[in-house]
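Step one of this worksheet: look at the structure below.
No value in this document is a laboratory result; all are computed from the given coordinates. Owing to the predicted nature of the structure, the values given are computational and were not obtained by experimental measurement. As a convention, Cβ positions derive from the backbone with ideal geometry for all residues, glycine included, and neighbour counts pool all protein chains shown.
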């Protein structure tokens, strides 16, 4: 890793230049309570001091809620082709646990087979992360995802009069050389960085006890009473999946134009919490109840990828806790698993 | 061709056979010779079939893997895509992705052992790929027994093949129906009732099972009464596979995916995956 420092007075100019030269996406205040990652054309719109999480995770830039996978034309021959977006973009102001969310999707969509629609965008996305104090529902410290080791091109940490910059890629370094005035980070800067990180890690209020969760989860998995209690208020609305930075489930469907000559194969986000998710032709539903569905979602978030990737898919961003109408809290439920087993 | 895992290869339906009021068998060949040549599948694998303008759905391959110039699907008209296939005529063009699935029927491991095949309803179709393979190399397997349960005599699939098996003295076939008609002289009742009659040595027998979701629990109970071994019983599991390549996640069973890790799992795996059967 290369470490640099950029002064606050030079920061505004650096970012403004990026905004004018690239398609620049960053957090913008939408209303009193919410922020969202959207296209920015003016530095004054950028608001990196958002207190809660952004309403939609940054995954939507790489994995939009609806996208065309392939298009085809039916005539004498059937012509099938891919549709790829070709624009260089910058994603700015994403925090550490969200960078880890993106890294998870990077790995997921490249495991075994490369998902080209995703990677056609990913290759052209420059990620500039920024540290910020955890929001009330953020428990990424417990999930080991509060710090991003990689998955970014640049990562900034606010040291009051300057930003401490971790340079994660050649691309990131190129941007600094071209658009910013920087200096190499020295002992004082590292001291400041350590101080920030210590304060940051001490600021997490919500904790989830994940020690032994891997085994305890299996122990409670068949306990119908336990899951009835946990899922009691669930509306099966799927909000938790829509706001999750690592949920990747999708439906594939065909969509024909009215002339019946041209068609698209599209994918759209799906949610494992919705009753139709496990429904197959012939009306059999493999996950008929909300308890079935909630515990399978938890399995996917806090167990499955410990096996497959060596670390869980949940990054602890806390969006699902904010979004849930029934106030279902994954961090508290993780703690309940341990409590249930320990009783 | 571009490197997009969602692009199907174009194929043509070369023959359609209506086998029951509900099911049709489709012979399919790829339009490009190259695509046909690289399409090598194993018994138990499936394809994603696109009916252009309607959608894509997973279907088990039912033909003999040794047949290299075409493959077969047996499709019951129940969902939107499967109903659309029943409207297609011979010569129609479809899209094919696959073959998919690492979990296949144990056609290699079962060599030198007895084979017991248990099918319920449309579950016979996926087993046909395995069974026709076994018949090609019949001398490499010991005893072969096929138990097949259908709802009624008109719904019996693969009547010619069943007659052929019956004509051979190295295959024993038991067909049973739930609702017999006046002409029916065979067994009556669910296929699990026939399992107690199997007299194969448990250690020396590979069992493969395919049928509707409700069937597995009961079949497994009967097989265990006979001490059949968990790692020698194989079940083909159905789930909603939207993508076939492990990305859409609809077919998750516990920590695994039916499309990538299955669709055929050993009973040992099934027991350790939650809510598999």
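In square nanometres, what is the average projected area of the Cα convex hull of the stretch B:173-213? The partial results should precede the final answer.
Working: hull surface 15.7 nm².
One quarter of the hull surface, i.e. the mean projection, equals 3.9 nm².
Among DSSP beta bridges whose residues both lie in the protein assembly as shown, state the antiparallel percentage, nearest 5. Intermediate values should be presented prior to the final figure.
Details: 74 of 110 bridges.
For the protein assembly as shown, the DSSP antiparallel bridge percentage is about 65.
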Tilt, helix B:215-225 to longest principal axis of chain B (alpha-carbon atoms), in degrees rounded to tens, equals 40 degrees
Measuring from the longest principal axis of the C-alpha atoms of chain B, the long axis of helix B:124-136 (C-alpha) lies at a number of degrees, nearest 10, equal to 80 degrees
Would you mind listing how long the stretch A:240-288 runs along its three principal axes, going by Cα atoms, in whole Å with the largest first?
38, 32, 11
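Kirkwood hydrodynamic radius (Cα pairs, Å) of chain B? List each step's numbers first, then the result.
Numbers: mean 1/r = 0.0522 Å⁻¹.
Roughly 19.1 Å, rounded to one decimal.
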Counting each DSSP H run of 4 or more residues in chain B as -39500 (n - 2.57), what helix-only mean residue ellipticity at 222 nm follows after dividing by all residues, to the nearest 500 deg cm²/dmol?
-5000 deg cm²/dmol
Candidates B:179, B:155, B:66; GNM for chain B (alpha-carbon contacts under 10 Å) flags as most fluctuating B:179
Among B:178, A:158, which comes first, second and so on when ranked by fewest other beta-carbon atoms within 10 Å?
B:178, A:158
Of the residues A:89, A:207, A:45, which exhibits the maximal mean-square fluctuation in a Gaussian network model of chain A defined by a 10 Å Cα contact cut-off?
A:45
So, how do all the Cα-to-Cα distances of the stretch A:100-153 break down into 5 Å bins, in percent, from 0 on up?
4, 15, 24, 22, 15, 12, 6, 1
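Normalised by the residues of chain B, what does the relative contact order come to in percent, with Cα pairs under 8 Å and at least six apart?
Value for chain B: 18 percent.
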Please list the radius of gyration and Dmax for the stretch B:102-151, considering alpha-carbon atoms only, with Å as the unit.
11.0, 33
May I have the pair-distance distribution P(r) for the stretch A:202-343, computed from all Cα-Cα distances with 5 Å bins from 0 and rounded to whole percent?
2, 9, 17, 20, 20, 14, 8, 5, 3, 2, 1, 1, 0
Would you please calculate the Kirkwood hydrodynamic radius of the stretch B:9-100 over all C-alpha pairs and express it in Å, rounded to one decimal?
13.0 Å
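Could you give the semi-axes, largest first, of the ellipsoid that matches the stretch A:55-112, computed as the square roots of 5 times the alpha carbon gyration tensor eigenvalues and rounded to whole Å? List each step's numbers first, then the result.
Working: eigenvalues 192, 35, 19 Å².
Sorted largest first and rounded, they come to 31, 13, 10 Å.
Please report, to one decimal in angstroms, the Kirkwood hydrodynamic radius of the stretch B:114-272 built from all distinct Cα-Cα pairs. Provide the component values of the computation, followed by the final result.
Values: mean 1/r = 0.0609 Å⁻¹.
Over the stretch B:114-272, the inverse of the mean reciprocal pair distance is 16.4 Å.
Per the Cauchy relation, a quarter of the hull surface: what is the mean projected area of the convex hull of the alpha carbons in the protein assembly as shown, in nm²?
Working: hull surface 127.8 nm².
Here the figure is 32.0 nm², rounded to one decimal.
Looking at chain B, send over the antiparallel percent of its DSSP beta bridges, to the nearest 5. Before the final figure, lay out the partial values.
Working: 33 of 57 bridges.
That works out to approximately 60 percent antiparallel.
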Tell me whether the stretch A:1-100 comes out rounded, prolate or oblate; compute the Cα gyration tensor, take square roots of the eigenvalues as a ≥ b ≥ c, and use a/c under 1.5 as the rounded threshold.
prolate
May I ask you to list the residues of the stretch A:273-307 whose amide nitrogen lies under 14 Å from a point 7 Å from Cα along the Cα→beta-carbon direction of residue A:215?
none
Let me have the relative contact order for chain A, percent, based on Cα pairs under 8 Å that are six or more residues apart.
22 percent
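Can you tell me how the stretch A:85-203 classifies by the Cα gyration tensor, rounded, prolate or oblate, using a/c under 1.5 as the rounded cut?
oblate
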Whole-Å distance linking the alpha carbon centroid of the stretch A:137-189 with that of the stretch B:83-140 is 54 Å
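Over all directions, what mean area does the Cα convex hull of the stretch B:142-191 project, stated in square nanometres? Walk me through the numbers on the way to the answer.
Values: hull surface 14.1 nm².
Here the figure is 3.5 nm², rounded to one decimal.
How much FRET efficiency would the formula 1/(1 + (r/R0)^6) give for residue A:276 and residue A:187, where r is the Cβ-Cβ distance and R0 is 60 Å, rounded to 0.05?
0.55
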Which percentage, to the nearest 5, of the DSSP beta bridges contained in the stretch B:114-272 is antiparallel?
20 percent
Give the relative contact order (percent, whole number) for the stretch B:151-271; include only Cα pairs under 8 Å separated by 6+ residues.
17 percent
Taking square-rooted eigenvalues a ≥ b ≥ c of the alpha carbon gyration tensor, is the stretch A:140-286 rounded, prolate or oblate, where a/c under 1.5 means rounded and, failing that, a/b exceeding b/c means prolate?
oblate
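Viscosity 0.692 mPa s, temperature 37 °C: what is the translational diffusion coefficient of chain A from Stokes-Einstein with a Kirkwood Rh over Cα pairs, rounded to a whole number of µm²/s?
150 µm²/s
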